[in-house]
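Here is the structure we will look at, set down as structure tokens.
The values are calculated or read from the model by the stated rules, or taken from the named source; none is laboratory data. All values reported here derive from a predicted model rather than from experimental measurement. Cβ sites come from the backbone with ideal geometry, for glycine too, and all protein chains shown count toward neighbours.
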Amino acid sequence: MLRIVRHPHPALRFPSRPVLQIDDDLRTSVRQMFELMYDARGIGLAANQVALPFRFFILNLTADREQRTEEQVFINPEIVKRHSTIEDEEGCLSLPGLYAKVRRARKIRVRAYDLTGELFERDVDDLLSRAIQHETDHLDGKLFIDYLEPATLKNFTEAIRGFELEFRQGQNQGRILSDQSLKQKLAEMPHPSAAFAATGYAPGEEPAVAASEQPAEPGV
């Protein structure tokens, strides 16, 4: 069973490997990811956010599970062109409740495979461009907070430390595997199946999201 992992789970900094085969395991993982994303009121989710270290992510800019025609899957994505820049606000489902302005390319050209195995290339801008860049960063082990200036990042110090304290307490209490064990599971995972996800949580020990922690606007 997949679940969204939070900072500082090692999967979020683990470089993702290319997807080599599109099969039922991958399709099942993608479907579970969409359901998790909708439950968290997100618009995007990368595979390593559910502890699957493979290069694919999902998007639905409506954040509405009833609008499945808007669902998009990007497998082995590559951003091949970037044009101009613009600054706008971002959030992240692995850092719930944190939002900050990030400067990114306004328009990009992305190349990827869809869930049928077809290669596509698209020029996109605005929110779709930003979401693709954000999720591609996840696959490279980057978080949006990595782009923040020290003065801005300082505003989030307490919240980030809170995520870290919660995670380390879970490890100390034996509810979450050690970083070393998690990294080993990530490195040895044979393919992107929910059965192999290296979340590291004991059954029933995944972090709950209190009502006050639900994002005020969609995150990715």
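Taking the stated definitions as given, is PHE120 among the hydrophobic types (A, V, I, L, M, F, W, C), farther than 21 Å from ASP88 by Cα and touching a residue at least 60 places away in the same chain (Cβ under 8 Å)? Judged against the criteria, PHE120 is not a match. For beta carbons closer than 7 Å, sequence separation of 6+ or different chains, a first residue in the range 6-32 that is of a type in the set (Asp, Glu) and a second that is assigned to a loop (DSSP other than H, G, I, E, B), the qualifying pairs are ASP25/HIS191; ASP25/PRO192; ASP25/SER193. You will find that of LEU186, LEU165, LEU95, the residue that is over 18 Å from VAL73 (Cα atoms) and surrounded by fewer than 15 Cβ atoms within 10 Å (Cβ to Cβ) is LEU165 and no other. Against the definition (more than 20 Å from PHE57 (Cβ to Cβ), without any contact (Cβ under 8 Å) to a residue 24 or more places away in the chain, assigned to a helix (DSSP H, G or I) and over 18 Å from the mean Cα position of the chain (by Cα)), how does GLY162 come out, yes or no? The answer is yes for GLY162. Could you please find all residues in the range 130-159 being outside any loop (DSSP other than H, G, I, E, B), crowded, with 17+ Cβ neighbours inside 10 Å and of a type in the set (A, V, I, L, M, F, W, C)? Correct list: ALA131, ILE132, LEU139, PHE144, ILE145.
Candidates THR69, THR85: the one that is under 24 Å from LEU119 (Cβ atoms), of a type in the set (Ser, Thr, Tyr) and either modelled with pLDDT of 95 or more or in a loop (DSSP other than H, G, I, E, B) (or both) is THR69.
Being β-branched (Val, Ile, Thr), out of contact with any helix residue (DSSP H, G or I) (no Cβ under 6 Å at 6 or more places or on another chain) and either over 19 Å from GLN133 (Cα atoms) or not in a loop (DSSP other than H, G, I, E, B) (or both) holds for only one residue in VAL80, VAL19, and it is VAL80. Listed by first and then second residue, the pairs with beta-carbon distance under 7 Å, at least 6 apart or on different chains, first residue in the range 127-155 and aromatic (Phe, Trp, Tyr), second in a loop (DSSP other than H, G, I, E, B), are PHE144/CYS92.
Here are ILE75, ILE108, ILE86: which of them is farther than 19 Å from GLN49 by Cβ, crowded, with 18+ Cβ neighbours inside 10 Å and touching a residue at least 12 places away in the same chain (Cβ under 8 Å)? Sole residue among the options that is farther than 19 Å from GLN49 by Cβ, crowded, with 18+ Cβ neighbours inside 10 Å and touching a residue at least 12 places away in the same chain (Cβ under 8 Å): ILE108.
Is it the case, given these coordinates, that ALA131 is in contact with a helix residue (DSSP H, G or I) (Cβ under 9 Å, 6 or more places away or on another chain) and at pLDDT 95 or above? Criteria not met by ALA131. The single condition among (1) within 21 Å of PHE54 (Cα to Cα); (2) within 20 Å of the chain's Cα centre (by Cα) that LEU119 does not meet is (2).
I'd like the full set of residues that are under 17 Å from PRO77 (Cβ atoms) and part of a helix (DSSP H, G or I), limited to the range 22-33. Listed by number, the residues that qualify are LEU26, SER29, VAL30, MET33. Taking the range 27-39 as the range and being surrounded by fewer than 24 Cβ atoms within 10 Å (Cβ to Cβ) and within 9 Å of ILE4 (Cα to Cα) as the test, only LEU36 passes. If you go through the range 88-123 and keep only what is assigned to a strand (DSSP E or B) and closer than 29 Å to PHE167 by Cβ, you end up with ASP88, GLU89, GLU90, GLY91, TYR99, ALA100, LYS101, VAL102, ARG103, ARG104. Taking into account only those residues within the range 35-66 that are within 12 Å of VAL220 (Cα to Cα) and in a helix (DSSP H, G or I), which is nearest to the chain's Cα centre (by Cα)? Checking each candidate, the answer is GLN49.
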